[in-house]
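The values are calculated or read from the model by the stated rules, or taken from the named source; none is laboratory data. As the structure is a computational prediction, the values presented were derived from the model and not from experiment. Counting neighbours? That spans all protein chains shown, and the Cβs are built from the backbone with ideal geometry, glycine included. Ligands, DNA and RNA are stripped out before the accessible areas are found, and what is left, the full protein with its side chains, is counted by its heavy atoms. Shrake-Rupley method; radii C 1.70, N 1.55, O 1.52, S 1.80 Å.
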Amino acid sequence: MGLRINDTIPDLTVTTDQGTFGLHEWIGDNWAILFSHPKDFTPVCTTEFGAVAQLADEWAKRGTKVIGVSVDGVEDHKKWKGDIEKVAGTTAGFPIIADEGLEVSKAFDMLPAEAYLPDGRTPNDSATVRSVFIIGPDKQLKLSMTYPMTVGRNFAEVLRALDGLQTSVGQGVATPANWNVGDDVIIPATLSDADAKAKFGEFETVLPYLRKTKLPA
């Protein structure tokens, strides 16, 4: 059975281009994003890792660490970062896990348990290793999404989803479709109108089960 929302992620010891450490220790009291790709020196993933590098200040504002995963080795990661930084125009300061044995890819249910990497492997051999996992400070999986090799991930959406998760956890609310920071939020159906008014002040009742309010700026 693969990881599901609210499962605690495995506390694997991982080797990266920035050293070896346990995932739980590395996350600490932060939020974390683990994002994976099938092989170094591939075009779509190079643009994606560049996009993550460009968002370094945004991750930091949100108390969030980011870490990449690849089925290639540490030396390849170090060389590939030169290409990533050329595309991004900035430093790629995050670590990349060298998942040559597929331990992380299998533990996060990105590959079948019996999967292996043949000699002369290509990205197709690990094509499903194209996922994003958002993990909370409690080390639990909060969100996951998987893309095909041909479609670049939208890291503005990852950032938006992170904002939604942090808002819902911190404020005890939900967020509607297409929500962005500053937009109205949804009051949980479990709160009575009286309790909702006491907690949030004025709110709009769109439907008996859909009530919206603004959070303090």
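What the table below lists for this structure:
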| read-out | value |
| --- | --- |
| Structure-based [θ]222 nm, the chain - -39500 (n - 2.57) summed over DSSP H runs of at least 4, per residue, nearest 500 | -9000 deg cm²/dmol |
| Surface per residue (accessible, 1.4 Å probe) for the chain, Å² | 50 |
| Separation of alpha-carbon centers, the range 45-67 and the range 150-217, rounded to whole Å | 24 |
| Carbon plus sulfur fraction of accessible area for the chain, probe 1.4 Å, in percent | 51 |
| Heavy-atom accessible area order for Lys86, Lys142, Lys212, largest first, 1.4 Å probe | Lys86, Lys212, Lys142 |
| Inter-site label distance for Ala189 and Lys78 at 7 Å from Cα along Cβ, in nm | 5.5 |
| 12 Å Cα-Cα reach of Lys214 towards aspartates and glutamates, excluding residues that sit fewer than 8 places from it in its own chain | Asp183, Asp184, Glu202, Glu204 |
| ³J(HN,Hα) computed for each position of the range 85-90 - Karplus, 6.51 cos²θ - 1.76 cosθ + 1.60, integer Hz, glycine/proline x | 5, 5, 5, 7, x, 7 |
| Trp26, Trp80, reordered so the largest accessible area comes first (probe 1.4 Å) | Trp26, Trp80 |
| Net charge of neighbours whose Cβ lies under 9 Å from the Cβ of Asp184, counting Lys and Arg as +1 and Asp and Glu as -1 | 0 |
| Nearby lysines by direct alpha-carbon distance to Lys86 (threshold 20 angstrom, same-chain neighbours under 8 apart not counted) | Lys39, Lys78 |
| ³J(HN,Hα), Karplus 6.51/-1.76/1.60, whole Hz, each residue of the range 69-78, x for Gly, Pro | 9, 9, 7, 8, x, 4, 5, 5, 4, 4 |
| Vicinal HN-Hα couplings computed from phi for the range 173-182 (Karplus, 6.51 cos²θ - 1.76 cosθ + 1.60; Hz; Gly/Pro x) | 10, 10, 10, x, 4, 6, 5, 9, 3, x |
| Fully extended contour minus Cα-Cα distance, from Glu103 to Asn178, at 0.36 nm per residue | 23.5 nm |
| Amide H contacts under 5 Å for Lys65, placed H, 5+ residues apart | Trp31, Ala32, Ile33 |
